[in-house]
Each structure stands twice: as C-alpha cells, then as structure tokens.
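Please read the structure below before turning to the comments.
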Amino acid sequence: MEPQNRILRKFPNHHEYFIRVQFCDENGEDLLFNAKVDYKDIYERFKGIMTKGIQIAGRTYNFLGFSHSSLRSHAVWFCSPFRDDNGHKQTHCSIIDAIGKFSHITSPARCAARIGQAFSETPFMVPLEKHGVLVSTISDLTSPDGSRVFSDGVGAISREVVASVWADIPLTRGNPTCFQIRLGGAKGMLAADTRLPAAVIQIRPSMIKFDSEDMQNLEICNMASRPYPMVLNRQVIKILEDMGAPQDWFLQMQNEELARLQSITASTDKTARFLKEKSIGECIGLYRLYCQCYWTRLNYKKDGFLRAIVEAVVLRELRLLKHKARIPVKKGMTLYGVIDETGFLQEGEVYVTFDHMEGQYAAAPGPGPVLVTRSPALHCGDIQRAQNVVPPEDHPLGYHRNCIVFSQKGSRDLPSTLSGGDLDGDLYHVIWDPVLQNVETVPPADYPRPTSIDIGRVVKVDDMAEFFVEFMQSDILGLIAIRHMIMADQAESGTRDTSCRVLAGLHSKAVDFSKTGIPVNMVDMPRVNRYRPDFLAPGPQTRLYNKSKIGLEQHVSHANYDDDDDAEEPYRYYKSEKILGKLYRAIDEQNIWRKYVLSETDTNDESFWNSVIEDCLKRCRSLSRTPKEEHLDEAKRIRAVYEDAIVSTMDTYSDHPTKPISELEVVIGSIINRRGVQTRRQRDRSNKLHEEFNRIATWVSNIMRRQEVQDPDPNGLELSMACLYHGIHGSSSGHRKEVYGELTSFRVVAACALLAELDQRDKSGPMNCFTM
C-alpha cells in the first residue's frame with residue numbers, strides 16, 4: 001500500500017485506478033550506467049510504455065507523473081480513466097489540469113518536477129477552512145543587492161495555526177514548530193512566528209512553483225517533531241580530515257560506538273533502549289516486551305525470533321559503521337533549517353535549538369562556534385563555521401524547537417554555501433565539539449545558478465517521458481561520488497585537489513539534473529586509475545596492493561572502473577593510510593559478531609513463552625479479566641488476516657520474483673544484504689518496508705485492543721490475551737506454512753498489544769525499563 005499523496009487523498013474511493021510502476025531489470029535492480037552495455041532497445045520499450053500506456057486486467061493505465069524521490073528510484077505513477085464520486089470522468093489529463101497551471105513552464109524536467117509536487121508523500125493533512133486559516137504572500141528576504149535569497153523556500157505560520165496542526169496529527173509526533181509542507185503550488189518549510197496574529201500562514205514567492213486553486217488543505221511531508229542524531233559519513237569525514245581534524249577524534253568516537261554495539265546484547269534494558277532508539281517495532285511498542293523480560297528476569301534469547309531481531313539490527317548498525325563510516329557524534333545534531341524572521345541574528349550567526357532528552361542527546365550548545373554542513377558534501381568548502389547565539393528569554397526565536405535558525409543578514413546566506421542548500425526542507429548537520437574548534441575552513445563553492453533546457457513550447461507527455469528515460473540513462477550521481485572518494489584518498493591534498501574540486505562541481509550539476517534536464521558529460525570527468533582504497537573493497541579477503549604502484553597508472557584512463565555495480569572490472573585495492581582506511585581496518589566485523597553479538601542460548605526452550613503468558617495471566621486475574629472461548633475463535637481469524645498481510649509484504653519487497661524476503665526483515669523494516677551493506681534500491685525499499693510493517697502492525701494491534709472503532713471496546717484486554725495464547729499454541733495455516741514456513745511474529749505483536757492494555761489498566765505494572 002503506497003503512502004498518501006495529494007492525488008490519492010483526492011480520490012479515496014478509487015485507489016485501484018492508480019498504479020506505481022517501477023522501471024528496472026528483471027531481477028528488480030536498477031539499470032545503471034555502463035559504458036560497455038547498450039540499453040537502447042530497453043529504454044525505447046520503457047518510453048513506449050510511458051507514451052502509449054500499459055494494459056493491466058482490461059484497463060489502460062496512462063502516464064500521470066512522478067515525485068523527485070520516485071524519479072531517483074525510477075518509478076512513475078500511472079492512472080486509468082474512472083468516474084469519481086460526483087460522476088465526473090477523470091483521466092490522466094483532467095487530474096493534471098486540476099493540480100495547477102503548467103503551460104508557462106517550457107522545460108520538460110522542470111514541468112515534471114512541478115507536477116511531481118502533487119505526488120510527494122504527505123502523511124498528514126490539515127483542512128484550512130475548518131480552522132479558519134488565512135493564507136497570504138509576503139516578500140522574500142534577500143541580500144542588500146538582491147542577488148541572494150536568504151528565505152529561499154521558507155514561510156511563516158502563526159502560533160494559532162501551529163496549535164491546529166498539533167490537534168490534527170498523532171500525539172506521538174510531539175509538538176513541532178517547523179513543518180515541511182505542500183500547499184497548492186507552493187512547497188517548502190513553514191516555521192512558527194509568534195508575532196503573527198490569529199490564524200495566518202505566510203508563503204513567499206520562492207516557495208510558489210506554479211499557480212494552483214487547490215489551496216484547501218495544508219499537506220505535511222514531515223515536521224521537526226524531534227532532533228535527529230548527527231552521524232558522520234565518508235564524505236564529511238574526508239573533508240574534516242583535510243580541515244585538520246585529528247585522526248584520534250574519529251577513532252575515539254568509532255570505538256565508543258563499537259563498545260556500545262558490543263554491549264547491546266549484554267543486558268536486556270540496554271537491548272530495549274537500543275530497539276526504541278532505532279525505531280524497531282515503534283508502532284506497537286516492541287521495546288515494552290523486552291522491558292517486561294528485564295523486570296521479570298526472563299531471557300528473551302530463549303526465543304529465536306526475539307533474539308534474531310536484536311542480532312539483525314546490531315549487525316546492520318555494525319556494517320554501517322564499518323563500510324559506510326556512520327559514526328555518531330555526541331556533540332552534534334541534524335536539524336531542519338529555517339530563517340530568523342525577527343532580524344535578531346547577525347551575519348554568520350545561527351541559533352541551534354532542540355529538545356533535550358536525558359541519556360539520548362547532549363544538551364543544545366551554548367554561545368560559541370559551531371561547524372555546519374549538509375549532505376551530500378564533496379567540495380572542501382562545504383563545511384563552514386558559524387557562531388551560535390542564544391536569544392534572550394521571551395524572545396520570539398525561543399519558541400522554536402528542533403531546528404537551526406539562520407540569519408537573514410550579510411552578503412550571502414549560509415545555507416547556499418553548504419553544497420547549495422536552501423530552506424525548503426533541507427537538513428543541516430551541526431557539530432560543537434571543542435576538539436574541532438580550530439580546524440581550518442576554506443571558501444565555499446559558488447556555482448552559477450543552473451539553467452533548464454527550454455523547448456520553447458508547452459510541455460507534452462512525450463517530452464516528460466523522454467526526460468525520464470534520459471534521466472535513467474544518464475544519472476551518474478553515485479559514480480561521481482565514488483570517483484571523488486577514490487581521488488580524494490589518492491591525492492596528497494585530498495578534497496582540495498583540483499580534480500576533486502572539478503568532481504564536486506560535476507556532482508552539483510548532477511544533483512540539479514532532475515530539475516534542469518542537463519546531464520553530466522562523462523568526457524568532463526577527471527580520469528581515474530584502476531586502484532581503489534581498501535575501505536571500498538567488497539570483502540576482507542580482497543588482495544591489497546602497495547599504494548606506491550598507483551603512480552605508474554596516473555595517466556591511464558579507465559572510464560568506468562569506478563562503476564560500483566560492474567563486478568567484472570579489474571579493480572585493485574591498496575591499504576589507505578588516511579583516516580577512512582584506518583577506521584575501516586579498526587573493525588573486525590566477524591570477530592565482533594561471534595564474540596559479542598551471536599548468542600549460543602537454546603532457542604527451542606518453550607518455557608520462555610509459557611513464562612510470559614503466565615505472568616500476563618496473573619496480571620489479568622488481578623484485574624478480574626480472563627479470555628473466553630469466543631475470543632480464541634476471533635484470535636484465529638485475526639492471525640490469518642495478519643499473516644496474509646505479512647506474506648504479501650514478504651513477496652512485494654523482495655528483489656527476486658520467486659524468493660520472498662524473510663519475516664524477520666519485514667518486522668525490523670530492513671532488507672538484509674547477505675554480502676554486506678545494502679544497495680541503494682534495498683535502502684529505498686527498506687524505508688517503504690518499515691512504513692508498511694508499521695501500518696500492518698498498527699492496524700492489527702488496534703483490532704486486538706478493540707481500538708479500530710470510534711468507541712474502544714473494554715474487551716480489548718481479553719482479545720489481546722487470546723491472540724497471544726493462539727500465537728503461542730496455534731500455528732500458521734497449512735498452505736501458508738508450506739510456502740513460507742512457520743510464521744512467529746504474530747505472538748510478538750499480540751504480546752505487545754497485551755502489555756499495552758495491561759499497562760493502561762494496571763498502573764502498578766512495569767511501564768518501561770528506562771526509569772531506573
């Protein structure tokens with residue numbers, strides 16, 4: 001089931017007339033650029049489907065549009081004609097016409113991007129008329145000469161409207177003051193301004209991408225409901241190293257994270273905290289089950305599935321640490337960027353604010369220097385220093401939460417210096433560790449504003465189809481990033497080397513390809529040799545060469561030796577002496593896995609679940625509640641429905657048409673790559689998979705707890721207990737068991753539902769294990 005967007009929300013009873021089509025190889029993988037392969041006939045076939053439509057079950061589905069993220073993943077929305085609830089005929093043409101006016105946009109890439117705004121995932125929607133909200137337009141904030149737009153992509157929202165948004169979104173989302181939105185033809189961020197009277201939303205010209213009369217609903221893509229941990233990546237690490245950051249700082253932080261991962265399975269309270277932190281089973285409160293084990297002295301490792309959940313997530317994090325250098329920074333945070341509407345901040349100043357959660361995040365920084373960047377960062381000037389300023393008490397800026405506020409003053413806005421950032425929803429990384437206080441920053445890049453291909457007439461479907469196929473053929477963003485990583489490691493001056501600066505510029509151009517329609521020409525790429533640093537090696541058994549030999553091939557051109565997906569290329573790997581190589585070699589994945597993570601506990605011990613159900617029964621009896629026979633019959637039906645949804649998900653999210661992913665992968669919301677870290681497609685699918693399991697588990701948990709109806713049924717506790725009993729003592733249906741094996745996650749979902757019911761009724765019970 002696809003997440004909500006404006007189009008699906010507009011036709012809630014006709015979702016079957018919309019399909020999302022993935023253009024890929026037979027095995028589900030992307031058709032990536034390869035100089036040795038001619039994909040011409042395949043791309044012509046793709047183009048024909050987009051221009052002529054596709055026949056499915058007697059219906060003809062025609063090209064409708066694609067969002068920016070779906071363009072990157074080579075997916076497109078199609079629709080088949082239908083009559084809406086008012087009896088009006090809807091076609092792909094009428095649906096696009098209703099989105100807005102696009103006749104003035106004569107660039108196929110830009111036109112497709114604007115139509116694609118309606119296909120952005122917007123999980124939340126607030127009806128403006130219901131809350132009496134007035135929408136107005138205000139001017140952008142610019143540099144004195146007008147050449148720079150400081151408020152690019154951000155508007156303002158009054159406190160009254162913020163309260164209305166809080167009333168219409170799930171309570172678990174906290175109380176954010178910044179929202180990434182879509183409103184008619186406008187997109188970007190809305191940040192609270194407590195000075196605004198009544199119910200007002202103010203948007204700016206930089207937010208308005210096309211004219212639209214569909215202004216009834218404020219659609220929310222995301223919100224600053226919590227801060228995001230600052231996690232380093234290989235690109236940022238390399239730039240910081242070139243700025244003079246000490247190698248010991250990186251190694252120490254990696255060792256601290258390694259020690260933390262090694263200790264996760266040592267105690268159940270740490271296990272529960274870890275799963276909650278990584279949002280595993282967050283929709284059902286999975287961590288509660290591990291907390292229950294902690295308080296009742298039960299060993300969860302006696303259940304193979306509960307143990308596998310923990311081991312799989314630890315393995316995922318361990319692989320990200322080793323192969324992607326994903327190192328958490330304690331004195332760092334990732335936050336949405338907004339503008340200072342008040343003019344309080346001076347040039348070069350920022351205000352960093354976020355919710356402090358004891359034991360999870362460090363406190364927000366006080367006045368002083370901070371480093372600010374965003375991803376992707378390839379240019380050596382993509383990390384800049386700013387001065388953090390804390391506004392006086394009762395100042396309007398003090399109302400903000402979980403964001404970094406940028407100044408509106410100066411000759412150039414700070415976001416644009418950070419790999420071309422703006423304020424329409426970009427996330428910014430902030431570091432205030434004093435160890436980095438004296439690193440040397442360099443001037444940022446200043447690329448010319450990109451222009452789009454202009455065909456000089458109204459854009460047609462054929463034009464957008466042509467662009468989509470060309471994008472599939474010419475998208476070499478990943479290839480440029482890999483080549484940059486190789487050359488930065490080999491060059492003495494790292495990212496400051498001329499070739500790396502050229503690649504950073506080409507990367508910026510490739511990022512804009514989706515909006516300009518202008519691809520990067522491979523001829524412009526600096527030449528690369530066949531050697532790669534060991535941290536890019538596919539496995540620990542790779543033969544390493546002496547780095548001194550690299551100089552012999554500096555002038556040899558191997559155009560696509562850095563194409564990650566071409567396994568037949570003759571790569572040779574050397575031992576990198578720079579920080580990324582040292583970080584990579586410092587982790588012995590296999591040894592850590594065997595010594596600290598893998599458990600030898602007997603997983604066939606049925607006493608574990610017997611003890612769980614016995615403890616829950618005691619608590620039920622203390623409340624004078626026990627399940628009846630009819631509850632067991634309903635539990636069987638609920639299990640059948642749940643497992644149907646799970647096996648369907650196992651099939652849908654597999655890369656292979658006949659080999660489903662495992663039940664474990666569905667529950668943890670992450671596809672496991674048996675050979676190492678995930679591919680880009682697997683990462684994208686894992687994000688969707690995580691959302692899908694949350695949807696299924698929330699739906700079934702609500703049925704168990706009788707919360708799927710408007711007035712919750714008091715028998716939710718008895719039904720949850722019956723579901724747990726059937727999950728332990730019952731089994732999957734015969735056919736399902738033959739094809740997919742015995743499914744065991746139903747009892748986990750049931751146990752979490754039961755514990756939630758018990759904790760709600762029995763306040764004396766253990767709510768969590770984080771209160772010690």
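The values are calculated or read from the model by the stated rules, or taken from the named source; none is laboratory data. If you're wondering where the values come from, they're calculated on a predicted model, not measured in any experiment. For neighbour counting, all protein chains shown are included, and Cβ atoms are generated from backbone atoms with ideal geometry for every residue, glycine included.
The table for this structure:
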read-out	value
Members of the range 5-49 that are among the polar types (S, T, N, Q) and either closer than 24 Å to residue 59 by Cβ or touching a helix residue (DSSP H, G or I) at 6+ places or on another chain (Cβ under 7 Å) (or both)	5, 13, 22
Single unsatisfied condition, residue 421 versus (1) in a helix (DSSP H, G or I); (2) within 24 Å of the chain's Cα centre (by Cα); (3) crowded, with 21+ Cβ neighbours inside 10 Å	(1)
Every residue from the range 471-496 that is among the acidic types (Asp, Glu) and crowded, with 19+ Cβ neighbours inside 10 Å	475, 489
Candidate set from the range 118-134 (those that are part of a loop (DSSP other than H, G, I, E, B) and among the hydrophobic types (A, V, I, L, M, F, W, C)); member that is surrounded by the most Cβ atoms within 10 Å (Cβ to Cβ)	133
Scope the range 199-239; condition of a type outside the set (A, V, I, L, M) and under 19 Å from residue 5 (Cα atoms); matching residues	209, 210, 211, 212, 213, 214, 216, 217, 219, 221, 222
Members of the range 620-643 found to be surrounded by fewer than 18 Cβ atoms within 10 Å (Cβ to Cβ), of a type in the set (Val, Ile, Thr) and in a helix (DSSP H, G or I), listed by number	641
Any hit, the range 470-492, residues being touching a helix residue (DSSP H, G or I) at 6+ places or on another chain (Cβ under 7 Å), part of a loop (DSSP other than H, G, I, E, B), free of Cβ contacts under 8 Å to residues at least 12 places away in the same chain and not assigned by the TED database to the domain that holds residue 419	yes
Condition met for residue 651 (under 30 Å from residue 537 (Cα atoms), among the acidic types (Asp, Glu) and either surrounded by 15 or more Cβ atoms within 10 Å (Cβ to Cβ) or touching a helix residue (DSSP H, G or I) at 6+ places or on another chain (Cβ under 6 Å) (or both))	no
Matching residues in the range 647-667 - criterion: being in contact with a Phe, Trp or Tyr (Cβ under 8 Å, 6 or more places away or on another chain) and not charged (D, E, K, R)	647, 649, 650, 660, 661, 664, 666, 667
Helices (runs of 4 or more DSSP H) lying entirely in the range 644-752 (those with 1 or more residues that are acidic (Asp, Glu) and either closer than 30 Å to residue 478 by Cβ or not assigned by the TED database to the domain that holds residue 607 (or both))	663-668, 680-704
Some residue of the range 309-317 being in contact with a Ser or Thr (Cβ under 8 Å, 6 or more places away or on another chain), touching a residue at least 60 places away in the same chain (Cβ under 8 Å) and closer than 18 Å to residue 753 by Cβ	no
Positions within the range 31-79 being under 21 Å from residue 460 (Cβ atoms), buried (at least 18 other Cβ atoms within 10 Å of the Cβ) and of a type in the set (Phe, Trp, Tyr), in sequence order	46, 61, 63, 66, 77, 78
Which listed residue, of 738, 742, is modelled with pLDDT of 75 or more and farther than 27 Å from residue 630 by Cα	738
Residue among 234, 204, 226, 260 that alone is closer than 30 Å to residue 118 by Cα, of a type in the set (D, E, K, R) and in contact with a Lys or Arg (Cβ under 9 Å, 6 or more places away or on another chain)	226
The one condition in (1) at pLDDT 90 or above; (2) among the hydrophobic types (A, V, I, L, M, F, W, C); (3) out of contact with any strand residue (DSSP E or B) (no Cβ under 6 Å at 6 or more places or on another chain) that residue 21 fails to fulfil	(3)
Strands (runs of 3 or more DSSP E) within the range 316-410 that include 3 or more residues touching a Cys at 6+ places or on another chain (Cβ under 9 Å)	328-339, 349-353
Qualifying residue in the range 238-249 (condition: free of Cβ contacts under 8 Å to residues at least 60 places away in the same chain and acidic (Asp, Glu))	yes
Members of the range 307-321 found to be farther than 11 Å from residue 257 by Cβ and charged (D, E, K, R), listed by number	307, 311, 316, 319
Count of residues meeting criterion [part of a loop (DSSP other than H, G, I, E, B) and touching a residue at least 60 places away in the same chain (Cβ under 8 Å)] in the range 71-103	9
Residue within the range 316-337 that is over 21 Å from the mean Cα position of the chain (by Cα) and buried (at least 23 other Cβ atoms within 10 Å of the Cβ) present	no
Check on residue 61, modelled with pLDDT of 95 or more, closer than 19 Å to residue 24 by Cα and either outside the structural domain of residue 465 (by the TED database) or not in a helix (DSSP H, G or I) (or both)	yes
So residue 562, is it modelled with pLDDT under 75 and farther than 30 Å from residue 754 by Cα	yes
Single residue of the range 16-43 satisfying the filter (in a helix (DSSP H, G or I) and touching a residue at least 24 places away in the same chain (Cβ under 8 Å)) that is nearest to residue 472 (Cα to Cα)	43
Single residue of the range 264-287 satisfying the filter (in a loop (DSSP other than H, G, I, E, B) and of a type in the set (Ser, Thr, Tyr)) that is farthest from residue 693 (Cα to Cα)	267
Top-ranked residue of the range 98-132 - restricted to ones that are farther than 28 Å from residue 688 by Cα and of a type in the set (Ser, Thr, Tyr), ranked as modelled with the lowest pLDDT	103
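Here's the yes/no breakdown for (1) among the aliphatic types (A, V, I, L, M); (2) closer than 17 Å to residue 349 by Cβ; (3) modelled with pLDDT of 95 or more:
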site: 406; (1), (2), (3): no, yes, yes
site: 416; (1), (2), (3): no, yes, yes
site: 426; (1), (2), (3): no, no, yes
site: 435; (1), (2), (3): yes, no, yes
site: 451; (1), (2), (3): no, no, no
site: 462; (1), (2), (3): no, no, no
site: 470; (1), (2), (3): no, no, no
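Here's the yes/no breakdown for (1) closer than 16 Å to residue 195 by Cα; (2) surrounded by fewer than 23 Cβ atoms within 10 Å (Cβ to Cβ); (3) assigned by the TED database to the domain that holds residue 196:
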residue	(1), (2), (3)
136	yes, yes, yes
141	no, yes, yes
144	no, yes, yes
159	yes, yes, yes
165	no, no, yes
184	no, no, yes
